[in-house]
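Take a look at the structure below.
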Amino acid sequence: MNLTLKIWRQKNANDKGKMVDYKINDVSPDMSFLEMLDVLNSGLILKGEEPVAFDHDCREGICGSCSLYINGEAHGPDRGVTTCQLHMRKFKDGDTIYIEPFRATAFPVIKDLIVDRSAFDRIQNAGGFISVNTSGNTIDANAIPINKHDADDAFSAATCIGCGACVASCKNSSAMLFVGAKVSQYALLPQGRVEAVDRVKNMVAQMDLEGFGNCTNTGACEVECPKGISLENIARMNREYLFANIKD
Amino acid sequence: MSGFFKSSIGRKYAMALSALFLMVFLLQHFAINILSVFSPDAFNEASHFMGTFWAVQFVLQPILIFGVVFHFVMGFVLEIKNNKARQKSYVKNNGNANSSWMSRNMLLTGAVVLAFLVLHFIDFWIPELNVKYIQGDMSGLLTDGEGFRYYEELVHKFENPLRVGAYVLAFVLLSLHLLHGFSSAFQSVGANNIYKKSMKGLAQVYAIGLPVGFIFIALYHHFNH
């Protein structure tokens, strides 16, 4: 396949940045999207040009490092996959592909396609954990009976990899799907109930502090989420937040 | 509860609760208006009751006005805040791939409904306040004293095709607003189970059926008088 790439180039956080056109030929449909970018970068390096900076790590769809807004969608046009699992067979010969960084005020661009998603880390640090005494008397989690439905929902919520596609896809740059998933994965389990009130209040407070927008239930986040995190998690977080404020 | 309504989720609740209140009001408004098609006398009686009963006039009406103003002001405030959350837009964004047009354009459809409400106030509400509280005529009777005036006023308003056209357009936009807004309100208050199952069908019946009903009333009186 021969393709035209329109890629956001930005030297650093303070640079204005612009879209730059690149031609790339002989792209195999079996390549992953990131492999295609690797080939592009090899060519740029050979020509003495600055390669395109982009985030990646495991390339197995589980680390949440890769991002990219491809042809107007987070992680591109495929469903249930991250950019590293997106294959070039999803595109056609002669296509023009727009590649942009995830856009949100809370996710400032560091360079080219790399954005700073540490806002998610700070939200997680605000309450996305349970406090357990690990001095030797820890109860085996498997010894605690848990409703199968709750266990499944908690597991589904816990599959969130924190990639930020929800924020990137939301017209309001809301982080509520991410925070909803993190709140839910603990709220549904007995170990998480102990700190549930403080957790939801602190995580929502941090989310608001980071400058994410308000959720207006468009559902774009759920559609674009590579892990299929459900909007139910946002509804659960809303309930948790209301009850936490009533109890307090 | 201190600070609840200053939080993003608290504002969601406030927006959703005001929306649910307005949807209940709209249903009540429709129930009275549809009487004008089947029984002018019943419409007159209901209108006179709503227009003169103290609890409706001095308790429910101020709450309604507050609800309308709050919903619109909150909508604009949230839009401004949300725009700040993404100061740099995408060069290419494919919103149709993941969300409905209605869900992405609530401000637009809401603004049209707001413009319609201004027309509606000029048409019905302000003249009503003038007759009752400035002229002091609480009788609800026609100037010749032969029966109630409400049905005659309604019919007279729908003689003008431009006004009827504006009403039809506004209710089409209201339908688009409700197609997202109805289920969104339930999702916002955490009622995701209701939202996902039985309410989803009811949402479509309400969002399409009610505006179509209001349009039918306007067209019925336009073409039958």
query = So how many residues does segment A:198-209 have that are more than 10 Å from every other protein chain (Cβ to nearest Cβ) and crowded, with 18+ Cβ neighbours inside 10 Å?
reply = 3
Total residues in segment A:221-241, condition closer than 19 Å to residue A:66 by Cβ and facing chain B (nearest Cβ under 9 Å) = 3
note = Every listed condition ((1) within 14 Å of chain A (Cβ to nearest Cβ); (2) in a helix (DSSP H, G or I); (3) among the aliphatic types (A, V, I, L, M)) holds for residue B:91 save (2)
message = So, residue B:100, is that one hydroxyl-bearing (Ser, Thr, Tyr) and closer than 17 Å to residue B:185 by Cβ or not?
response = yes
ask   = Among B:83, B:98, B:105, which is open to solvent by 60 Å² or more (accessible area, probe 1.4 Å) and not aromatic (Phe, Trp, Tyr)?
value = B:83
task = Mind telling me which of the residues A:57, A:93 ends up being away from every other protein chain (no Cβ under 14 Å) and free of Cβ contacts under 8 Å to residues at least 12 places away in the same chain?
result = A:57
key: First in segment A:103-118 and within 15 Å of residue A:209 (Cβ to Cβ) and of a type in the set (Ser, Thr, Tyr), second anywhere and open to solvent by less than 10 Å² (accessible area, probe 1.4 Å) and at pLDDT 95 or above, Cβ under 6 Å, 6 or more apart   = A:105/B:85
inquiry  = Give me the residue from segment B:2-15 that is part of a loop (DSSP other than H, G, I, E, B) and over 16 Å from residue B:190 (Cβ atoms) and, out of that set, least open to solvent (accessible area, probe 1.4 Å).
reply    = B:3
key: Out of A:212, A:129, A:178, sole residue that is of a type in the set (Phe, Trp, Tyr), buried (at least 21 other Cβ atoms within 10 Å of the Cβ) and not in a helix (DSSP H, G or I)   = A:212
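Per-residue answers, yes or no, for (1) over 29 Å from residue A:227 (Cβ atoms); (2) surrounded by fewer than 21 Cβ atoms within 10 Å (Cβ to Cβ):
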{"residue": "A:10", "(1), (2)": "no, yes"}
{"residue": "A:16", "(1), (2)": "yes, yes"}
{"residue": "A:26", "(1), (2)": "yes, yes"}
{"residue": "A:42", "(1), (2)": "yes, yes"}
{"residue": "A:58", "(1), (2)": "no, yes"}
{"residue": "A:77", "(1), (2)": "no, yes"}
{"residue": "A:83", "(1), (2)": "no, no"}
{"residue": "A:89", "(1), (2)": "no, yes"}
{"residue": "A:101", "(1), (2)": "no, no"}
ask   = When you scan segment B:16-45, how many residues do you find that are closer than 16 Å to residue A:215 by Cβ and either modelled with pLDDT under 95 or open to solvent by 40 Å² or more (accessible area, probe 1.4 Å) (or both)?
value = 1
request  = Read through the list (1) in contact (Cβ under 8 Å) with a residue 40 or more places away in the chain; (2) surrounded by fewer than 16 Cβ atoms within 10 Å (Cβ to Cβ), then give the number of the only condition that residue B:55 fails.
outcome  = (1)
note = Over segment B:29-53, the set of residues within 13 Å of residue B:211 (Cα to Cα) and in a helix (DSSP H, G or I) is B:29, B:30, B:31, B:33
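The values are calculated or read from the model by the stated rules, or taken from the named source; none is laboratory data. Note that the coordinates shown come from a computational prediction; the quantities given were computed from them, not determined experimentally. Positions of Cβ are backbone-derived with ideal geometry, glycine not excepted, and every protein chain shown enters the neighbour counts. Keep in mind that these areas ignore ligands, DNA and RNA; they rest on the heavy atoms of the full protein, side chains included. Shrake-Rupley method; radii C 1.70, N 1.55, O 1.52, S 1.80 Å.
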